[in-house]
Structure formats: C-alpha cells, structure tokens
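Presented below is the structure to which this report refers.
The values are calculated or read from the model by the stated rules, or taken from the named source; none is laboratory data. If you're wondering where the values come from, they're calculated on a predicted model, not measured in any experiment. Note that each Cβ is placed from the backbone with ideal geometry, even for glycine, and that neighbours are counted across all protein chains shown. With ligands, DNA and RNA removed, areas are computed over all heavy atoms of the protein, side chains included. Shrake-Rupley method; radii C 1.70, N 1.55, O 1.52, S 1.80 Å.
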Amino acid sequence: MPLLRFLKPYLHRDTLLPLVALLLLLLAAFKPTVPIPRNIYSYMLVMDISQSMNTKGMHWRGNEVSRLDYAKHLAHDLVAGMPCGTRVSLAFFSGVSVAALYTPIEVCANYATIQDTIARAEWRQAWSGNSRLREGVDSLSRLLRTMPEQTQAVFLTDGEEAPRLHTFNTRDLANFQGAGDWLMVGIGSKEPQPIPKFDENNKLLGYWSAENFVMQPGVAQISQQNLGARDERTASSANDRYQSTMDEEYMLKLSQEIGARYVNGDSLEDVRSEMGKLKPSRRDFSPMHVDWILALIAGALLLSSYAPQRLKKLLKRLSHRLSHRL
C-alpha cells in the first residue's frame, strides 16, 4: 500500500519506540480506568467528639496534639488510602448517641467532601460533654441498621465513660445485637493528662476537677433528664485536676462483649490492616486507574530505545582504550 511504503523508512526502532511511548503518555493523561472484580467496603467512621477527646498527649509528625486532632489526622489518612469504589460515612458520638452526617458515599467521587467534613470536626459540634460509651454502641447499632447497605463501623474513641460507671448506670449488653463487623480504635495516651474545659469561643477556661467525675453509688443520674450531667466547675489547682488516660483495658472488654475487634490507634498501618479484615459489603466491579501502568510502559520503551545506542558507544570507548593500552 502507498501509505505503508511511505512510512516504511520511518518504521524502525529508533523512531517507533519513542512514538509508541508518546502515544501511551497521551493516553495516560486522560486517566483511563478498567473495571476489575473486588471486594467493596462500606465504612462508617465514628468519631468521639466528647470533651475528654480534647485532652493532649498524642503526637502527630512531631507535634503534640489532642486526641480529637489525632483522630482527625488518622481518619484523613485512612480515607486517603481507600481504593475507588469504597463507600464512607462520617458520624459523631457524644453523650449517649451516635449521629451520622450522611449515608456512605463513594470515596473518589466525593473525596474533597469527606476530607472537608473530617477537617471541620470539633468538640463544639457535640450535643453533650459526656461520653456514655455503652449507651453509644447501642445507638450505633440501631443507626447501622438504617443504612442502605451493610456498613462496618470504625469507632475512634478514648474509651472513657463519663460519668464513671457503677451498678446503677452500667447498661447490660448481654442481648446486644450488632449490625455487621465493628472495629474499636483506641485513641489516647496511657500517660495521665488533664481534660481541658473551653468556652463557646474555644478559649481555655481551666481543667475539669476530679469532683466532676466522682459518683457515689446510688446517686441519681440515671434518669433521662440528668443522664450523665456534669458539674460545670473547673479545677482550681493542678492537684484538683482529673487525670484522664485512654482506657484500653475497658475497650478490650467492651469489644468482646459486643463481638467487635479492637486495635490501638497509635499505628496507621495497624488500623488499616484491621479494617481490611472486616467483612466487605459486597463483591462487585470497581474501576482501577491504569494511567500509572501506561506511564511505566512508556518509560520502559524510552529507555529501551536509547539504551542499546549508549551501550554500543560505551563498548566502543572501552575497546578503543584497550587497543591503545595494548
């Protein structure tokens, strides 16, 4: 054919390989995807925003941060590492209940929205300063049953029950009915730290007094009106401050009671690994980006087109030097 005869002088290795590499790079610029079958996960990231989460003692990239800020950084990186097709919901826990901000949405199409929601999470969004964790897991179970598809809960909390548990305010979870797999993630240091008290403008007023957390057996606080109500006083001196720690022992026990997994949140990779062990919502086709594969092939073609020429030049130089020495 006339076209082939015209192109034949140009269809040699030195021009063909760079041309193919250029075409692959142009194709990669459109970020193509191919559907592949894989497990599709649907997660609800539940963030404890009660006042104990304002406690310092955590570290992120060399800086000391509060438990809540650490949970936000952790959630950000977890979402950033999720493959397309994964669905994510964000929920807050405070007082005795859990509230979802939205049902699970696809992570890649809504990435900016999800990350913006995480970044804006703060303690002032809480409807109660206390944290009744045993009541909260029951609320979360009811919430998960309303989701459009099976959703696995990832609960980021320090495990602190405030006020402290006693016979009259400890909810019996013997008949607890969960909804899918759960993962409890412990957030906080085991070193005692005071819980700061802020005003509505986020200005530090002081620290919670130990008296705020003392409950005498039989004292009311079991009615709906005063369920977990805290005294508004703050500590007057360092000796009066209530010292808070992450209650890992309690979270391990609670996880066993409700059939959940537990992992310490100090390691991002440990949390990510445990999330991968939860049951997937379904198995379906999910898009996989192949632009990076096309770019790698293009790079390999370019190297292969120039490498032989450079190798020949190198061998020629070596033989020339050897001949001179001989």
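Tabulated data
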| item | result |
| --- | --- |
| Projected label distance in nm at Ala300 and Asn239, using a 7 Å step from Cα toward the beta-carbon | 7.3 |
| The stretch 57-96, accessible surface, carbon-and-sulfur percent (1.4 angstrom probe) | 46 |
| Cross-link pairs beyond the 18 Å C-alpha cut-off, checked among Lys56/Lys203; Lys253/Lys279; Lys56/Lys190 | Lys253/Lys279 |
| Gain upon complete extension [Phe198, Ile105; 0.36 nm per residue less C-alpha separation] | 30.1 nm |
| With DNA, RNA and ligands ignored, accessible area of Met288 (1.4 Å probe; Å², nearest 10) | 60 |
| Added length on full extension, which subtracts the Cα-Cα distance from 0.36 nm per residue, Arg61 to Leu26 | 8.8 nm |
| Å² of accessible area per residue within the stretch 75-168, as computed with a 1.4 Å probe and no ligands counted | 37 |
| Selection of chymotrypsin sites (Phe, Trp or Tyr not before Pro), the stretch 30-138, meeting DSSP coil and at most 10 other Cβ within 10 Å | Phe30 |
